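Q: Have a look at the structure that comes next, please.
The values are calculated or read from the model by the stated rules, or taken from the named source; none is laboratory data. This one's a predicted model, so the numbers in the text were calculated from it and none came from an experiment. With ideal geometry, Cβ positions are generated from the backbone for all residues, glycine too; neighbour counts draw on all protein chains shown.
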Amino acid sequence: MARRRKGQPVSGWVLLDKPAGMTSTRAVTAVRRAFDAQKAGHAGTLDPMATGMLPIALGEATKTVPHVMDAAKRYRFTVRWGSATSTDDAEGTVIATSDVRPDRAAIEAALPAFLGRIEQIPPAFSAIKIDGERAYDLARAGEAVDLAPRTVTVHGLTILECADPERAVFLMDCGKGAYVRSLARDLAQRLGTRGHVAELRRISVGPFEETRAISLESLLALGHSAAASSYLLPVETALADIPALALTEAEANRLRTGQSVGLLRRSDLNRIGSLENGALVCATSGGRLVAIARYEAGEVKPVRVLHL
């Protein structure tokens, strides 16, 4: 007999404004307990020192996490010039210094080299696995961490202000896998100095914006109330860029059991519209999300079935 999962079958997204000094894992645990949810996960780790958008999925929303993790992200960050650290941020120990302080003109001239598809070596203190172990665990143990370069995409990179000769504030839009700490380290080296991230805030993740986020302190203060539930967004909020496809209840039941649905009749053409072969769709029935599915060769095939 299967053991009953603890907690309530709560499903949806909570947009947490993560506080500094907390790991993403601890933040997820706190939110799960606040909603007494059976399961939870997050859509992309934030460093402990970082603040801002940490989308947390509860219940069936965890099935949509990969889609959000693949989405574009926006960061606001401050680089402090003159010192490199072991972690490439303010939490590490200083490992190299420089007397060079780049001016705004030099910084702006260097930025185009970091746009588009670029090569990055991730920070040694990162969550990347090496032979089954996290790089940060190896680095903390004093072991040499040799990470291979990876190709990432930076969609936009602008300087917002030079607060003083020691610091500059930037805004970056990027794709999956890009490290702000690596970019700050490499930008400083290109400018003939050293540098590290002094402050980091994630402003948005995919369809989620910081204007809709709630602090952990505020969420916990609401307790198990209707006001707290108002911050629980529908599962489909994460799938705003995927077209919806309405199905009959009979068709929806086929998807729920892992079977494909044929849409080859002339009457189906209006439903299919301009869907391209291989396109993902949000299959719905009666206004309720049934599955993330793929349209292929006249059939809708379930990718992830949701029980809402």
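Results for (1) within 28 Å of G44 (Cα to Cα); (2) surrounded by 15 or more Cβ atoms within 10 Å (Cβ to Cβ), shown as yes or no for each residue.
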residue: E210; (1), (2): yes, yes
residue: L219; (1), (2): yes, yes
residue: S260; (1), (2): no, yes
residue: E296; (1), (2): no, no
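Q: Filter the range 226-263 down to residues that are in contact with a helix residue (DSSP H, G or I) (Cβ under 9 Å, 6 or more places away or on another chain) and acidic (D, E) and give me whichever is nearest to A283 (Cα to Cα).
A: E236
Q: Could you list, in sequence order, all residues of the range 241-258 that are surrounded by 12 or more Cβ atoms within 10 Å (Cβ to Cβ), of a type outside the set (V, I, T) and closer than 23 Å to A40 by Cα?
A: Scanning the range 241-258 gives a single hit, R256.
Q: Cβ-Cβ under 9 Å, sequence separation 6+ or interchain: first residue in the range 204-220 and in contact (Cβ under 8 Å) with a residue 24 or more places away in the chain, partner in a loop (DSSP other than H, G, I, E, B) and among the aromatic types (F, W, Y). Which pairs?
A: As it stands, the answer is R212/Y231; A213/Y231; I214/Y231; L219/Y231, since those pairs meet every condition given.
Q: Now, a different point. Here is a list of conditions, (1) in the same structural domain as A188 (by TED's automatic domain parsing); (2) surrounded by 23 or more Cβ atoms within 10 Å (Cβ to Cβ), and E91 meets all of them except one; can you say which number that is?
A: For E91, the exception is condition (2).
Q: Name every residue in the range 168-182 that is part of a strand (DSSP E or B) and within 17 Å of D89 (Cα to Cα), in order of residue number.
A: Those that are part of a strand (DSSP E or B) and within 17 Å of D89 (Cα to Cα): A168, V169, F170, L171, M172.
Q: Across the range 126-167, what is the number of residues that are surrounded by fewer than 12 Cβ atoms within 10 Å (Cβ to Cβ), modelled with pLDDT under 70 and not in a strand (DSSP E or B)?
A: 5
Q: Can you find even one residue in the range 186-195 that is assigned to a strand (DSSP E or B), over 14 Å from D88 (Cβ atoms) and of a type outside the set (K, R)?
A: No: zero hits.
Q: Something else about it: Only residues that are surrounded by fewer than 22 Cβ atoms within 10 Å (Cβ to Cβ) and either at pLDDT below 95 or within 14 Å of the chain's Cα centre (by Cα) (or both): list them for the range 195-205, please.
A: Across the range 195-205, the qualifying residues are R201, I203, S204.
Q: Output the number of the condition that R101 fails; it satisfies all remaining conditions of (1) assigned to a loop (DSSP other than H, G, I, E, B); (2) surrounded by fewer than 19 Cβ atoms within 10 Å (Cβ to Cβ); (3) within 30 Å of the chain's Cα centre (by Cα).
A: All conditions pass for R101, except number (3).
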